[in-house]
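Chemist: Structure provided below as structure tokens; questions to follow.
The values are calculated or read from the model by the stated rules, or taken from the named source; none is laboratory data. What you see is a predicted model, and the numbers here were worked out from it, not measured in a lab. Reconstructed Cβ throughout: ideal geometry from the backbone, glycine too, with neighbour counts over all protein chains shown. These accessible areas exclude ligands, DNA and RNA; they are computed on the full protein's heavy atoms, side chains included. Shrake-Rupley method; radii C 1.70, N 1.55, O 1.52, S 1.80 Å.
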Amino acid sequence: MEQDRLYQDPDLADFYDVENAWSADRDSCRSLAEGCASVLDLGCGTGWLAATLAAEAERTVFGVDPAGAMLDIARARPGGNRVTWVQGDGRSVRLGRRFDLVVLTGHAFQVFLTPGDQLEALRTIAAHLAPDGRFIFDSRNPAIEEWREWTPEASARRIDHPRFGAVDAWNDVEHDPDTGIVTYGTYYRIVADGRLLSSRSRIAFPPRAQLEALIGEAGLAIDTWLGDWTGAPWTPGSRDHIPLGRLPRS
């Protein structure tokens, strides 16, 4: 899997929390974590969720991410010292312990581009679940074709960045109908000096049937499918696929 400058470059990583406010996915994971003594945040990014979960109760929290620049932000945030941060690939990392809850939010599952990559990520979840543990992750529903909203015209925005000041931001996008892979560009032009920061990212949009088959192949069982992070049940028109599940009961 290619390294993505959007998360590996410190200046670009510094935009993540500015562009991604606390949202319903984190609220939902916080509710699921109630009563859990241990949580694994796989693909933890800048660690906002992991640090919050570690601060709220006497629980063990691990945050895993492949991007060193994101983990640098995570370690420095308030409460970051209460989390065990691990730089690792979600397809292959093994921590030698199991957790009551494993979460993978922010559509991070979509960075796994092939069914083989997706299966290995799901096996990582299975390898870290306690016998009565639960897992949850999200992936955008390809039927909605959300990438059509990521054009320069539709995505143009002005950001007030705490370090850079005013920044003009936009995206562009390409969709490969043969593979289903979406390649999108992210651009930040700093108004004060005209400097342009940019990256190109690739994500997959696996359909629900593919996810369902891979989840079973990984040795996991689905309790329910949600259509969004408010808890709405899944329908063909849902914006997201969100499986909530566990290891199979014997």
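Chemist: Report the calculated FRET efficiency for Thr179 and Asp27 (r = Cβ-Cβ distance, R0 = 41 Å), to the nearest 0.05.
Modeler: The value I calculate is 0.75.
Chemist: Quick one: dipole size for the range 34-134, taken about the Cα centre, charges +1 on Lys/Arg Cβ and -1 on Asp/Glu Cβ, in debye to the nearest 20.
Modeler: 180
Chemist: Please determine, in degrees from 0 to 90 and to the nearest 10, the orientation of helix 115-127 with respect to the longest principal axis defined by the Cα atoms of the chain, where the helix direction is its Cα long axis.
Modeler: Value to nearest ten degrees: 50.
Chemist: Carbon and sulfur atoms: what percent of the 1.4 Å accessible area of the range 1-80 do they account for?
Modeler: Roughly 47 percent, rounded to a whole number.
Chemist: Pick the calculated Cα extents along the principal axes in Å for this structure from [x] 61, 44, 31; [y] 44, 42, 38; [z] 65, 36, 31?
Modeler: Computing Cα extents along the principal axes in Å and matching it to [x] 61, 44, 31; [y] 44, 42, 38; [z] 65, 36, 31 gives [x].
Chemist: Antiparallel as a % of all DSSP beta bridges within the chain, to the nearest 5?
Modeler: 65
Chemist: Then there's this: Quick check: pseudo-label points 7 Å beyond the Cα along Cα→Cβ at Glu145 and Val86, how many nm apart are they?
Modeler: 4.1
Chemist: In addition: Return the Cα extents of the range 179-250 along principal axes one, two and three, sorted largest first, each rounded to a whole Å.
Modeler: Result, largest extent first: 61, 27, 23 Å.
Chemist: Sticking with this one: For the chain, what is the relative contact order in percent, using Cα pairs closer than 8 Å and at least 6 residues apart in sequence?
Modeler: Computed over the chain, the figure is 17 percent.
Chemist: Enter the accessible area per residue of the chain (Å², integer; probe 1.4 Å; all protein chains in place).
Modeler: With all protein chains present, the chain gives 45 Å² per residue.
Chemist: Something else about it: Among the GluC sites (Glu not before Pro) in the range 140-215, which ones are in a DSSP loop with at most 14 other Cβ atoms within 10 Å of the Cβ? Mind listing them?
Modeler: Glu145
Chemist: Separate question: Could you work out the local net charge near Asn141, counting Lys and Arg as +1, Asp and Glu as -1, over the other residues with Cβ closer than 14 Å to its Cβ?
Modeler: So the environment of Asn141 carries a net charge of -3.
Chemist: Another question, then. Whole Å is fine, so just give me how far the alpha carbon centre of the range 27-94 lies from that of the range 128-176.
Modeler: Between the Cα centre of the range 27-94 and that of the range 128-176, the gap is 20 Å.
Chemist: Moving to a separate point now. Can you divide the C-alpha Rg of the range 1-67 by 2.2 N^0.38 Å and report the result to two decimal places?
Modeler: 1.20
Chemist: Please compute the contact order of the range 196-245 in relative form: average sequence separation of alpha-carbon pairs under 8 Å and at least six residues apart, divided by the residue count, as a percent.
Modeler: Relative contact order, the range 196-245: 29 percent.
Chemist: Roughly to the nearest percent, how much of the accessible area of the range 101-202 is carbon and sulfur, given a 1.4 Å probe?
Modeler: 50
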